[in-house]
């Protein structure tokens, strides 16, 4: 066997191995997540059952958010600045995403961190002011706390003068997937463009994953 | 006589040059966010300019349209939004203070009537030197502009 022939066989064999490894890697490698300002969770986090109330006072289970993507914000109606600003942005985001097929458009969800004052009737008028389809949720404090804790949302009552109080609260927007699991966290400061871009990238990426 | 007159003029001009400019403060683009129904807390925004050559201290505000007006700043600490009251605000010479959504704002407490887009409210700012600035702010829908 000539040296030339041996070299050719070694060369072909190397090429075959390299090609095989490359193909294998390519097929098994996970798709690269999109670049987003939002923090995309590697694995969506399921949410344990909590019992809340909707704006009509009916019991609301978090699993009722299944079927569509949801953008969830925690706030309180006595909040004059950050909450209306964020809910206005969310309403604009929803309007801007109305070109998507209905199943891919987000549900907007407002959860109060001040259930003491924010009873269903109060929240009803509040959320409808921003978007008539926005879901408003309240409930027993322990249930709101249970949901907030699972979503990494912190809040605290801050006493003011004359027995009044305000609430400090996380300003993040949580993105739940159609299985009602936490899939991404969008941190403040919020802009309509920022949230809309991230939303489109994330739902497109997650669609390809399944 | 002529030289006396020019000396007088010179002194006059020099004096004018030395004197501090005392242009009054003014509010640029003031507006109040239209509240959801029944809400007792509103926020007002503007850019407050101090074109004078001396520092100015904003010491309070009131309004015939609200029970009280306070200054607050929405600050973000570790992703948590906190609202903190500010009792006095200093405007340096030639400086402006921005009252913007998600930041510093006028907190308008307990409106005397239900306000909706197109209404106007009066806000009276008072400064530590005793001067006042009266602002008429339109109520705008949530989006602002």
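What follows draws every value from the coordinates through simple rules; no lab data is involved. Everything quoted here is computed from the prediction, not taken from an experiment. Note that we place each Cβ from the backbone using ideal geometry, even for glycine, and neighbour counts take in every protein chain shown.
For the reader, a short list of remarks on this structure follows.
- With the Kirkwood sum run over all distinct C-alpha pairs, the protein assembly as shown has a hydrodynamic radius of 23.9 Å.
- Order of A:61, A:78, A:190, B:105 under a 10 Å beta carbon neighbour criterion, fewest first: A:61, A:78, A:190, B:105
- The alpha carbon convex hull volume per residue for region B:47-103 rounds to 104 Å³.
- With Cα atoms, 0 to 90° folded angle of helix A:192-209 axis to chain A main axis: 50 degrees
- Modelled spin labels at residue A:66 and residue A:187, positioned 7 Å past Cα toward Cβ, are 3.3 nm from each other.
- Taking 0.36 nm per residue of separation and subtracting the current Cα-Cα distance, fully stretching the chain between residue A:98 and residue A:56 would add 12.5 nm.
- Long-range tail of P(r) for chain A (Cα pairs > 21 Å, %): 58 percent
- 0 to 90° range, to nearest 10: angle between helix A:120-130 axis and chain A longest Cα axis: 60 degrees
- Ranking of B:33, A:105 by neighbouring Cβ atoms within 10 Å, starting from the fewest: A:105, B:33.
- On Cα atoms only, tilt of A:82-96 relative to the major axis of chain A in degrees: 50 degrees
- Note on residue A:165/residue A:208: beta-carbon distance plugged into 1/(1 + (r/R0)^6) with R0 of 56 Å gives a FRET efficiency of 0.75.
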